[in-house]
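Some notes on the structure that comes next.
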Amino acid sequence: MADSEDITNIALRRSIFYPAAEIYSNSPSGFWEFGPVGEAIRRKIIEFWRKEFVQKEGFVEIYGAQILPEAVFKASGHLTNFNDPIVQCKKCKALHRADQLIAEKIKEIVPESMSIEELSKLIKHHEVECPKCKSKEFTEVRKFNMMMKVDIGATGDIPCYLRPETCQSIFLDFERIYKTSRQTLPLGIAQAGCSFRNEIAPRNTLLRAREFGQMELEIFFNPKKANDFEKFSTIENNEINLMLSEKAGITPIKAKDAVEKKQVSSKMIAYYLAKWQMLWEKLGVPKEKMRFRKLADDEKAFYAAEAFDFEVLTSLGWIELTACNNRTDYDLKGHAKESKKELSVKEEGDSESFIPHIFELSDGIDRPVWVLLDLAFRKEKRGPEERIYLSLAPRIAPYFAGIFPLVKKDGLLEKGREIFKELESHGFDLVFDEKGSIGKRYARIDEIGVPYAITVDYDTMKDGTVTLRDRDSLEQKRVKAEKLPELLWKLQLGLEKF
Ligand SMILES: [Zn+2]
């Protein structure tokens, strides 16, 4: 298992991710850049989500603007509700999130619904200290709005905001997409893009940043027909790792039983929870390290009728990856009222029009990158040496294989390049390296999670075989170079084991 510094160290050493504008000493924290390796992993996570959840589920995808007018966030409730409770240390003037300070002191989750008065009381009651200077003197807790404002136009008189979540443009576009793409409910609209939150205390690198990627799915549905869901039968016997309360712990339950016992409100929602779990298993999260934690009434957003946090167990404990919220008709109702536009629909066979309800699977992108790196991190003692590698699922590894000519002379370099070109023409992401000892070259690709290495040596020149090496087991076998495209393809799809 990784410790908290391991991922940061490997990320900086191999430029997987690193601070934005790092050559300037006054750059604000909470902004991150992805280098070639990190961006490849990030892109592959999005592509796999797109394939499994957008295409296979028959959803559609949009790309919305990042800057939206004030009215949008008035309707969404962000202008009044999107606040963090903050306190200032009277001695060193440092600003802190009040709920986090308390949570760290009492080792318990502090509900989001807690008032600023209650938080002020708890800080005094538990004698919370300033993490910077250890003082116990704080100002009263106040609310801080996390929206980032931008002024648009030459005179700057059009108040706008950087979006704090990607889903708002999905809500705004729903009526247009519904009418122009000949869709019926349930209609899923997806978006992958950036969001911005003015976090008081960005921390743990990608886990709490001020600019971050999101991949969000908003499923518009008729609440009266949420149990009329044909696809449900394909997963009704799949187990979902539900956690109904801290006390009950994780209780895997068949989707059909979860619906029957009303632990999940409908077949439609149970279907997407089961499918979501399958997605993360395929991305490399072991089943026992994931759970859907049902939020208690004082924890969930005020508009949510039902909410599960999809969480994954990492070296830092359970981390929330996805908010799975039954948002009811809150969003469309709010935008219909503020914009004075009609946003209700009437489907064939319905006698009355209604405002669709929304179930969302709201996921980050950068956070999953960190979590999957953390789960993949391995450090092993091998004699006097330490071996560090990332056991990433091949489908999200930055490259699928490295190609190494043993030496540069006697035609091996040219032969290596020839094999590289051939495999590249089959669509494989590859890395070519001819410099340094073969052991060092293996170690370099192991560290960024490349599953296979192909070595071209003198035997290759004689009989056309190469050495294929497996990252995790370190096993090696000789295979004909001409068989590589088919073999790698099978390994990539999991049709063959090494
Ligand atoms: Zn202080």
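The values are calculated or read from the model by the stated rules, or taken from the named source; none is laboratory data. Note that this is a predicted model, so its numbers are computed, not measured. No Cβ is skipped: glycine too gets one built from the backbone with ideal geometry, and neighbour counts run over all protein chains shown.
Taken over segment 105-148, the criterion of being within 16 Å of the ligand (Cβ to nearest atom) and among the acidic types (Asp, Glu) is satisfied by 127, 129, 137, 140.
Count of segment 323-338 residues, restricted to those that are buried (at least 20 other Cβ atoms within 10 Å of the Cβ), in contact (Cβ under 8 Å) with a residue 40 or more places away in the chain and part of a helix (DSSP H, G or I), is 3. For the residues 189, 177, the requirement of being more than 23 Å from the chain's Cα centre (by Cα) and modelled with pLDDT of 95 or more singles out 177. For residue 184, the conditions (1) assigned to a loop (DSSP other than H, G, I, E, B); (2) closer than 23 Å to residue 84 by Cβ; (3) assigned by TED's automatic domain parsing to the domain that holds residue 338 are fulfilled apart from (2). Take the conditions out of contact with any His (no Cβ under 9 Å at 6 or more places or on another chain) and surrounded by 15 or more Cβ atoms within 10 Å (Cβ to Cβ) and apply them to residue 496. Does it pass? No; evaluated as a whole, the condition is false for this residue.
Filtered by the rule that a residue be touching a Lys or Arg at 6+ places or on another chain (Cβ under 7 Å), within 17 Å of residue 386 (Cα to Cα) and assigned to a loop (DSSP other than H, G, I, E, B), segment 430-484 gives a lone residue, 448. Assessment of segment 345-363 against the conditions (out of contact with any helix residue (DSSP H, G or I) (no Cβ under 7 Å at 6 or more places or on another chain), of a type outside the set (Phe, Trp, Tyr) and surrounded by 15 or more Cβ atoms within 10 Å (Cβ to Cβ)) yields at least one matching residue. Before we move on, is residue 292 surrounded by fewer than 21 Cβ atoms within 10 Å (Cβ to Cβ) and either over 23 Å from residue 165 (Cα atoms) or touching a Cys at 6+ places or on another chain (Cβ under 9 Å) (or both)? No; evaluated as a whole, the condition is false for this residue. Could you check, for segment 249-265, whether at least one of its residues is touching a residue at least 40 places away in the same chain (Cβ under 8 Å) and closer than 23 Å to residue 317 by Cβ? Yes, segment 249-265 contains a residue that is touching a residue at least 40 places away in the same chain (Cβ under 8 Å) and closer than 23 Å to residue 317 by Cβ. Has segment 100-118 got any residue that is more than 28 Å from residue 73 (Cβ to Cβ), in contact (Cβ under 8 Å) with a residue 40 or more places away in the chain and not charged (D, E, K, R)? So far as segment 100-118 goes, no, none of its residues is more than 28 Å from residue 73 (Cβ to Cβ), in contact (Cβ under 8 Å) with a residue 40 or more places away in the chain and not charged (D, E, K, R). Going through (1) within 23 Å of the chain's Cα centre (by Cα); (2) at pLDDT 95 or above one by one, residue 201 falls short only on (2). Number of residues in segment 76-98 that are away from the ligand (no atom under 16 Å from the Cβ), part of a helix (DSSP H, G or I) and buried (at least 21 other Cβ atoms within 10 Å of the Cβ) equals 1. Checking each residue in segment 294-322 for being among the basic types (Lys, Arg) and either assigned to a loop (DSSP other than H, G, I, E, B) or in contact with a Pro (Cβ under 9 Å, 6 or more places away or on another chain) (or both) picks out only 300.
The listed residues are 424, 418, and the only one of them that is within 31 Å of the chain's Cα centre (by Cα) and free of Cβ contacts under 8 Å to residues at least 24 places away in the same chain turns out to be 424.
Checked against the criterion of being in a strand (DSSP E or B), under 15 Å from residue 452 (Cβ atoms) and out of contact with any Gly (no Cβ under 6 Å at 6 or more places or on another chain), the candidates 420, 404 yield just one match: 404.
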